[in-house]
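Novice: Sharing a structure with you now.
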Amino acid sequence: MSIRGRWRVVETPGYDMAVAGAYILFDEDGGEFAFDCLTGSIHGPCDGDAVQFGWQGNDEMEPANGDGWAELRDDGSLEGEICLLNGDDIPFIARRSKTSSTAC
């Protein structure tokens, strides 16, 4: 099974962050994510059941970048972490979205 597609973030264990509307999207060229006030573009191909990636974006409207990882769990959920360069590491649990639409 592939991690490609849109995932709805349902939990950020041990991290005080609003998850309403939070998502991560993986596609053949990279992807994107939005966690509360943190947004980013994922660089590099994302395929298989696990991925490591770099990203660039914004944290509360300030330029930010870092890396991250994600992998499928046995229960079909996605577990991973978004890491800010010289900043926080934000763990997440996500469930596959029912639709792949990215319309706002």
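The values are calculated or read from the model by the stated rules, or taken from the named source; none is laboratory data. Remember, it's a predicted structure, so these values are computed and weren't measured experimentally. Note that we place each Cβ from the backbone using ideal geometry, even for glycine, and neighbour counts take in every protein chain shown.
Novice: Pick out the one residue from 40, 5, 31 that is modelled with pLDDT of 90 or more and under 14 Å from residue 94 (Cα atoms).
Specialist: On inspection, the qualifying residue turns out to be 5.
Novice: Here is a follow-up. Could you grab me the full set of residues in region 31-49 that are farther than 17 Å from residue 8 by Cα and part of a strand (DSSP E or B)?
Specialist: 43, the sole residue that qualifies.
Novice: Considering region 8-30 alone, what residues qualify as being among the charged types (D, E, K, R) and either under 10 Å from residue 82 (Cβ atoms) or not in a strand (DSSP E or B) (or both)?
Specialist: Correct list: 16, 28, 29.
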